[in-house]
1. If pairing requires two Cys Cβ atoms under 4.7 Å apart, which cysteines of the chain are left without a partner?
2. Looking at this model, which pairs from LYS71/LYS223; LYS79/LYS223; LYS33/LYS74; LYS79/LYS116; LYS116/LYS144 are more than 23 angstrom apart at the alpha-carbon?
3. Ranked highest first by the average count of other Cβ atoms within 10 Å around their residues, in what order do 3-9, 156-162 fall?
4. Do you know the relative contact order of region 10-254, to the nearest whole percent, from alpha carbon pairs under 8 angstrom that are 6+ apart?
5. Report the one residue of THR92, PRO225, ALA148 whose Cα lies farthest in the direction of the positive end of the charge dipole of region 10-254 (charges on C-beta: Lys and Arg +1, Asp and Glu -1; origin at the Cα centre).
6. Give the share of C-alpha pairs in each 10 angstrom bin for region 132-210, from 0 to the last occupied bin, in whole percents, shortest bins first.
7. Percent antiparallel among DSSP beta bridges with both residues in the chain, to the nearest 5?
8. With an 8 Å cut-off on Cα pairs and a minimum separation of 6 or more residues, tell me the relative contact order of region 1-145 in percent.
Amino acid sequence: MQRVLFHDTIFGPIHSRRLGSSLGVNLSPRDGKICSFDCLYCEAGFNAQGPGTTGFPSRAEVARLLEEKLKAMKAGGEKLDVITFSGNGEPTLHPYFPEIIDDTIRLRDKYFPEVKISVLTNSTRLSSPEVCEALNRVDNNILKLDSAVESTMRKMDRPGSPEFTTERVISQLKQFSDTGIIQTMILRGPEIDNTSDTEINALIEAYKRIRPRSIMIYSIDRKTPDETLRAVSHEELNLIASRIEAETGIPVSVA
Ligand code: SF4
């Protein structure tokens, strides 16, 4: 079984297609995965591998490790574009996520004031005002919306809670209108194809309701736990992006 990708709380910097030179922050356990989705395409593997044994890193440990790394990078004259919360799971599930964001802003301002802070979130914790306020304090909140068709979202992202619905998340995402970046995975599999007209039309309607700052579409780039999934070519992604941009007036990038 495909296992977690990141075995450190602070990892990289790595060159990211989407974000440039990116220092990663993994708020999940170092030897397991904790996520409120269980996406078929998750590069960290399925949730069935379990949460591991190390637990969430403490707030103090995250701050200590991040400061050590930023200090060393500054001393070494290393280039950095962005500090990115991603890793083996959903960062907003960490019980001290808002406080960790505040620590990260303080450390960024101290060592690399020009660097951006990004959070990749699956949008499942937008009913928490504290989480939303923390997301609004960072430069780039990148919020997942893979499909606006309920049955496709359930097959593709496999949310843990039956209360999580496309209608609910689209309504919640409206609070990030003009500030959030919506990220959508486009792929094909035996039971899923979110490139169809029905899917793209539903996404366009959802993007129009949310009116985010921008939209980012991408496809599979690494091994996925469900090996029947297929990537969509860059050419096709570009065609989809042009159509979405023309119909919504919102900038769309292909990663
Ligand atoms: S939301 Fe992200 S971490 Fe969670 S299962 Fe999906 S891809 Fe993996």
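Computed from the coordinates by the stated procedures, all read-outs in this text should not be read as laboratory data. All of these numbers come straight from a predicted model, not from anything done at the bench. Every residue, glycine as well, gets a Cβ built from its backbone with ideal geometry; the counts of neighbours run over all protein chains shown.
1. Taking the Cβ cut-off of 4.7 Å, the unpaired cysteines of the chain are CYS35, CYS132.
2. LYS71/LYS223; LYS79/LYS223; LYS33/LYS74
3. Ranked by mean Cβ neighbours within 10 Å, highest first: 3-9, 156-162.
4. Once divided by the residue count of region 10-254, the mean separation gives 18 percent.
5. Towards the positive end, the residue furthest out is THR92.
6. Answer for region 132-210: a P(r) of 17, 50, 29, 4, 0 percent.
7. Antiparallel bridges: around 25 percent, rounded to the nearest 5.
8. 24
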